[in-house]
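The values are calculated or read from the model by the stated rules, or taken from the named source; none is laboratory data. Only a predicted model underlies this, so the values are computations on that prediction, with no experimental measurement involved. Quick reminder, even Gly has a Cβ in these numbers, built from the backbone with ideal geometry, and neighbours come from all protein chains shown. Keep in mind that these areas ignore ligands, DNA and RNA; they rest on the heavy atoms of the full protein, side chains included. Shrake-Rupley method; radii C 1.70, N 1.55, O 1.52, S 1.80 Å.
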Amino acid sequence: MRIESAGASDVGRVRSNNEDNYRIVADMNLFVLSDGMGGEAHGEIASALAVETVVKHCIAGENDPACTVFGETQPGWSQRTKRLASGVHLANKKIFDSAAAHPEQSGMGATLTAVWIGDGRLSVSHVGDSRAYLLRSGTLQQLTCDHSLVAEQVRRGILSSAEAETSEMQSVLLRALGAQPDVEVDAEDHPLFVRDILLLCSDGLTRMVTDPEIAGTLQAEPDPAIAAEKLVALANERGGADNITVIVIRTNVDSTGWLSWLRRGARKSQNGNGNAGGH
């Protein structure tokens, strides 16, 4: 399986600064996205700290499988899922401790959505309302569950999906990194197949662009970099009310042997960084 990926981030049309951060670690097939909150520059601090912590923790785990695992783990989790969830727990602690040590950072926090691909499996770990999607055979599936007030109200039947889209409470999160000393982290494994497409995104995309439009863009554009830019542009066309950050990941057949020459001119993913939108 060959992995191709790209990310894009934009401040949007309303915000004056960009509080999102993302990181693509191509040689590990590790992808991390965070949406900061806290105003001024503090959201940027929180999201950058979240992304950096998860990436460093996963790299450390690859180099030393015996290094500390934070938080509770489930019996069915793969080693990558355990390490990914552990990194999210550690990121929560670092953001909380930083805010406690620096009063001007009080109230800062971040979402975190991360995926790690290996051995034909997809590990997902998540806190907040940034999302991970899987597009398979034309069907778009949201892999993550929004930890927001309106999403919980929809799950309980208090609001309809249409009412949730126009609610003034959309930005209220029930879970975020840094809000408390400990946080509940969602984590799970999924099988991954050739020609699957993955999308990680901040809510600056999903508040502006519908799921069918997201699926259509991902299906129509085979180049991850162009697909990412088109999604950002579409969110801006709709008003760009928040920062917009996306990571697009495509899986393809890994041709070897005499077919390898066909790939010489193909685009190769590079380790990437970005920062851009808060709540």
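Tell me the Rg and the Dmax, in Å, that the Cα atoms of segment 152-196 produce.
15.6, 40
Which of 99, 164, 151 moves the most in a Gaussian network model of the chain with Cα springs under 10 Å?
So, out of 99, 164, 151, the one fluctuating most is 164.
Please give me, ordered by residue number, the GluC sites (Glu not before Pro) of segment 160-226 that lie in loop per DSSP and have at most 12 other Cβ atoms within 10 Å.
Within segment 160-226, the qualifying GluC sites (Glu not before Pro) (loop, at most 12 other Cβ atoms within 10 Å) are 168.
Over all Cα pairs of segment 59-157, how is the pair count split among 10 Å bins, expressed in % and running from 0 up to the last occupied bin?
Taking all Cα pairs of segment 59-157, the binned fractions are 13, 35, 34, 15, 2 percent.
In a GNM of the chain with a 10 Å cut-off on Cα contacts, which of 250, 83, 121 has the highest mean-square fluctuation?
In this elastic network of the chain, the residue with the biggest mean-square fluctuation among 250, 83, 121 is 121.
Loop-only GluC sites (Glu not before Pro) in segment 1-108, please: DSSP not H, G, I, E or B, and at most 16 other Cβ atoms within 10 Å.
Answer by residue number: 40, 72.
About its Cα centre, how strong a charge dipole does segment 137-263 have in debye, to the nearest 20, once Lys and Arg get +1 and Asp and Glu get -1 at the Cβ?
Dipole size: approximately 300 debye.
Over the chain, what percent of the accessible surface lies on carbon and sulfur atoms, probe 1.4 Å?
Roughly 49 percent of what the probe reaches on the chain is carbon or sulfur.
Which residue, 132, 225, 100, has the most motion in a Gaussian network model of the chain that connects Cα atoms within less than 10 Å?
Fluctuation is largest for 100.
If you take every residue apart from residue 183 with its C-beta less than 11 Å away from the C-beta of residue 183, what net charge results, scoring Lys and Arg +1 and Asp and Glu -1?
Net charge in that neighbourhood comes out at -1.
What 222 nm value per residue comes from the helices of the chain, counting each DSSP H run with n ≥ 4 as -39,500 (n - 2.57) and dividing by all residues, nearest 500 deg cm²/dmol?
One gets -9500 deg cm²/dmol as the mean residue ellipticity at 222 nm.
Give the relative contact order (percent, whole number) for segment 196-245; include only Cα pairs under 8 Å separated by 6+ residues.
Relative contact order for segment 196-245 comes out at 58 percent.
Over segment 115-204, with the other protein chains present, what is the accessible area per residue in square angstrom, probe 1.4 angstrom?
Per residue, segment 115-204 has 45 Å² of solvent-accessible surface.
Over segment 22-110, with a single point scatterer placed on each C-alpha, what log10 of the ratio I(q)/I(0) does the Debye formula yield at q = 0.15, 0.23 1/Å?
Summing over Cα pairs of segment 22-110 leads to -0.57, -1.08.
Expressed as a rounded percentage, what relative contact order does segment 17-171 have, with Cα pairs under 8 Å and six or more residues apart?
Averaging sequence separation for qualifying contacts and normalising by length gives 20 percent for segment 17-171.
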